[in-house]
Each structure stands twice: as structure tokens, then as C-alpha cells.
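Chemist: Have a look at this one before I ask anything.
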Amino acid sequence: MDQNTDDVRRKRPPERDLDAMDRKLLGVLVEDATTSYAELGERVGLSPPAAHERVKRLRRSGAIRRVSALIDPDAVGKTLLAFVHVDTTGWGKTQALLAIEECPEVEEIHSVAGDTCMLLKVRTESTHALEGLLARLYDTPGVKATRSYVVLSTYLERPVQPGTTSDWPAVVKG
């Protein structure tokens, strides 16, 4: 496929791999990014200056992309969470379709493999607002169908975690 990718963000290679201490620091910061360097150091076994230096290095390397507030959806009246599968003609990742990011109800846009092209995570204040968002999607050139999955209950929703699972069960070959 001959496609210009000049405007695609490239990831910087990390200065070095994350070590166990970096992962401990990230584990504390992912829970509360406002933790002071004194408390951060105390919780992971470093001095405050050492914790500060490591956090600076994690920011420089891109391991910490940004610090943001996690807003309670109820506080802003966006109580309806839905996942929308978008089927398109062709590849699907057109500028027209990706422009849906202008809607503050759209939290995530993913290009996926499987029986759909794009997956959106959206949060709206009502079914009427969701219907309006779907109407906008259908007005987008190339969109041929959507399937919406409205969330009834959420049991786990969290940001990226620094830990990894090292002891997955063995695959049994039959």
C-alpha cells in the first residue's frame, strides 16, 4: 500500500528499558500523579531527589506521556458509555472519519482487525446524544454500518498499568 505517512507520530526509542524501580514509580504515579517526590520516594525506597530524577527521565523517554485529570463521568453528565463498531468501505481510516475526534463524546478511536474496521469508545449524556453521534457517523463518506454496544455496568476501567504478567498458563495443544 502506497500511503504517505509523514503526519504519523513516530515513537521515540526509549533511552533504556524500564527496570523494576521504574515500574514501581509508575505504579504509584498511575494511581495518583500528584504524589509528592518525598512520598513517592518513601513508597518505593528512594530518596526524594532520586525519585525526582527518575520521574524526569521517564518523562524525557516518553514512558510518561502526560499528566491529566480523570474526570468522573457523572460529574459532567456523561453517564452513557458505549462502544461503537464502524464498518467502512475500503481501508476506513480516512481524514473524514478520523475527524469524529472533534466530538468531545469520543474518548478513543481504534483501527482494529476482525469483523469491523474501527472501534470507538464514546460517552454521552443520553441515548438521544448517542443517536446524534451515530447520525454524524452515517453522514461520513465511506461509513456503511455501525453496531453499538451500550455498557450496563463497568467492573474495571483503568489507565495503562506498568506491571506485566510473567506466568501465563501454558497453552495445551490438543
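Chemist: Output the strands (runs of 3 or more DSSP E) that fall wholly within the stretch 79-174 and possess 1 or more residues being open to solvent by 50 Å² or more (accessible area, probe 1.4 Å), or say none.
Modeler: The strands (runs of 3 or more DSSP E) meeting that bar are 80-88, 106-111, 143-150.
Chemist: If I ask for residues that are among the charged types (D, E, K, R), free of Cβ contacts under 8 Å to residues at least 12 places away in the same chain and touching a strand residue (DSSP E or B) at 6+ places or on another chain (Cβ under 9 Å), which ones from the stretch 53-105 would you list?
Modeler: Scanning the stretch 53-105 gives a single hit, E101.
Chemist: Filter the stretch 48-68 down to residues that are over 30 Å from T140 (Cβ atoms) and open to solvent by 60 Å² or more (accessible area, probe 1.4 Å) and give me whichever is farthest from the chain's Cα centre (by Cα).
Modeler: In this case the residue turns out to be P49.
Chemist: Sticking with this structure for a sec: Right, K93: outside the structural domain of T34 (by TED's automatic domain parsing) and at pLDDT below 90 or not?
Modeler: Yes; evaluated as a whole, the condition is true for this residue.
Chemist: Taking the criterion of being of a type in the set (S, T, Y) and modelled with pLDDT under 95, would at least one residue in the stretch 44-54 satisfy it?
Modeler: Taking the stretch 44-54 as the starting set, the residues that turn out to be of a type in the set (S, T, Y) are 47.
Imposing the further condition that a residue be modelled with pLDDT under 95 reduces the set to none.
Within the stretch 44-54, not a single residue is of a type in the set (S, T, Y) and modelled with pLDDT under 95.
Chemist: For residues that are in a loop (DSSP other than H, G, I, E, B) and basic (K, R), scanning just the stretch 56-78, find the one that is nearest to S111 (Cα to Cα).
Modeler: R65
Chemist: Right, here's the next one. Going through the stretch 29-55 one residue at a time, which ones are farther than 28 Å from E107 by Cα, aliphatic (A, V, I, L, M) and assigned to a loop (DSSP other than H, G, I, E, B)?
Modeler: L46
The values are calculated or read from the model by the stated rules, or taken from the named source; none is laboratory data. Treat the numbers as computed from the prediction; the structure is a model and nothing was measured. Positions of Cβ are backbone-derived with ideal geometry, glycine not excepted, and every protein chain shown enters the neighbour counts. Note: accessible area is taken over every heavy atom of the protein model, side chains too, but ligands, DNA and RNA are not part of it. Shrake-Rupley method; radii C 1.70, N 1.55, O 1.52, S 1.80 Å.
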